[in-house]
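First the structure, in the form of structure tokens, and then the observations on it.
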Amino acid sequence: MFDFLPQVTPTQLQEAPLHVAVAQIKFEYQRSLANHRGASDFQEALTDNYPRLIAEPQSSITASPGNVSASEVPQWRFTDIDNTWSCIVGPEHLAIETNLYTQWSTMRSRLSQAVDVLSSLTKPRIRERIGLRYINHVQHGSEDGFDAVIKRELLGVMAIPEWSDAIAATVSQTIFRNGNTQLALRYGTGLGGQSGSAFVLDIDCADETASTFDGEQSMVYFDQLNDSALRAFSASLAEPYRATLFGQPGIQE
């Protein structure tokens, strides 16, 4: 998948600049996950990892000629005590989110466990979307600016010395396709309220083609998305910063 991205040897990154990682799967409406009882049953199966349950309904706005209506869509967030890992569940989606990512194997284990619980409690039939997103905040930390950490081809106008000190924000996006899979790379500085000292690499791999829900096949797909997303991350970095992270050319495990 995305064969233009260089292949690299799996390794655990050292002091990675990852800000947040999110894995999500969407499915057809499951009535049992639209109420607190269903959410409690879901959390009970995962309570060792997520002892806290927080209701956080999402607003939904529907517009039609001459009418705009608003409604609330139930959503439940299960978290650990430190709020570093979350399992987010709604009638049409499941997600694992963390701001303490260290390696794919850890996130995969939590995701697989949640998908198993979903399959046992609700038995969804259709997978509407599957996606994996990594948001990295890369600090330059040197007088060379982002030239030392980000490939010059991604810097755009930031690579113009006369302009760089005056730039408050710059945003670029490139979308790649491989069959039904899309890799969106959003990058720049000043994104999401970040100051000019951080370059954001937002890598989002997803497939929005409806298919039969299969938990094991979905986990295999997540493995492929992880491989593509992290090869994209590796390919976006300048040397020797990439070598500093990986120790040798490689991707995060």
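For every residue, the table says whether it meets (1) in contact with a strand residue (DSSP E or B) (Cβ under 8 Å, 6 or more places away or on another chain); (2) at pLDDT 95 or above.
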{"position": "178", "(1), (2)": "no, yes"}
{"position": "198", "(1), (2)": "yes, no"}
{"position": "203", "(1), (2)": "yes, yes"}
{"position": "206", "(1), (2)": "yes, yes"}
{"position": "211", "(1), (2)": "yes, yes"}
{"position": "217", "(1), (2)": "no, yes"}
{"position": "222", "(1), (2)": "yes, yes"}
{"position": "239", "(1), (2)": "no, no"}
{"position": "249", "(1), (2)": "yes, no"}
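All conditions but one from (1) at pLDDT 95 or above; (2) in contact with a helix residue (DSSP H, G or I) (Cβ under 7 Å, 6 or more places away or on another chain) apply to residue 104; the one that does not is (1).
Scan the stretch 118-128 and give yes if some residue there is among the aliphatic types (A, V, I, L, M), surrounded by fewer than 20 Cβ atoms within 10 Å (Cβ to Cβ) and over 19 Å from residue 241 (Cα atoms), otherwise no.
Yes, the conditions are met somewhere in the stretch 118-128.
Considering 179, 145, 156, the condition of being under 21 Å from the mean Cα position of the chain (by Cα) and farther than 27 Å from residue 98 by Cα is satisfied by 179 alone. Considered as a group, the residues in the stretch 1-36 that are of a type in the set (D, E, K, R) and farther than 13 Å from residue 227 by Cα include one that is surrounded by the fewest Cβ atoms within 10 Å (Cβ to Cβ), and that residue is 15.
Residue-wise test of (1) in contact with a strand residue (DSSP E or B) (Cβ under 7 Å, 6 or more places away or on another chain); (2) without any contact (Cβ under 8 Å) to a residue 40 or more places away in the chain; (3) not aromatic (Phe, Trp, Tyr).
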| position | (1), (2), (3) |
| --- | --- |
| 111 | yes, no, yes |
| 116 | no, no, yes |
| 139 | yes, no, yes |
| 144 | no, yes, yes |
| 154 | yes, no, yes |
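Checking 38, 66 one by one, the residue that is at pLDDT 95 or above, of a type outside the set (Asp, Glu) and more than 25 Å from the chain's Cα centre (by Cα) is 38 and no other. What pairs come out if I take residues in the stretch 4-28 that are hydroxyl-bearing (Ser, Thr, Tyr) and pair them with residues that are not in a strand (DSSP E or B) whose C-beta lies under 8 Å away, six or more apart or interchain? Pairs found: 9/248; 9/249; 11/246; 11/247; 11/248; 11/253. Within the stretch 90-118, the set of residues being under 16 Å from residue 131 (Cβ atoms) and of a type in the set (A, V, I, L, M) comprises 94, 95, 96, 107, 111, 114, 115, 118. Please specify each residue of the stretch 69-109 satisfying the condition of being under 15 Å from the mean Cα position of the chain (by Cα) and free of Cβ contacts under 8 Å to residues at least 12 places away in the same chain. Across the stretch 69-109, the qualifying residue is only 106. Quickly run through the stretch 195-221 and pick out the residues that are surrounded by fewer than 17 Cβ atoms within 10 Å (Cβ to Cβ) and without any contact (Cβ under 8 Å) to a residue 60 or more places away in the chain. Once the filter is applied, which keeps residues that are surrounded by fewer than 17 Cβ atoms within 10 Å (Cβ to Cβ) and without any contact (Cβ under 8 Å) to a residue 60 or more places away in the chain, the stretch 195-221 yields 195, 197, 209, 216, 217, 220. Pull up the stretch 133-172, narrow it to residues that are closer than 24 Å to residue 205 by Cβ and hydroxyl-bearing (Ser, Thr, Tyr), then point me to the one that is surrounded by the fewest Cβ atoms within 10 Å (Cβ to Cβ). Looking at the filtered set, the residue picked out is 172.
Is it the case that some residue within the stretch 167-183 is under 23 Å from residue 2 (Cβ atoms), of a type in the set (Lys, Arg) and touching a Ser or Thr at 6+ places or on another chain (Cβ under 7 Å)? Walk me through it before giving the result.
Kept after step one, since they are under 23 Å from residue 2 (Cβ atoms), are these residues of the stretch 167-183: 171-183.
From what's left, of a type in the set (Lys, Arg): 177.
Subsequent filtering for residues that are touching a Ser or Thr at 6+ places or on another chain (Cβ under 7 Å) retains none.
No: zero hits.
Screening residue 90 on (1) over 30 Å from residue 178 (Cβ atoms); (2) of a type outside the set (A, V, I, L, M, F, W, C); (3) at pLDDT 95 or above shows it passes everything except condition (1).
The values are calculated or read from the model by the stated rules, or taken from the named source; none is laboratory data. In this text, all values refer to a predicted model and were calculated from it rather than measured experimentally. No Cβ is skipped: glycine too gets one built from the backbone with ideal geometry, and neighbour counts run over all protein chains shown.
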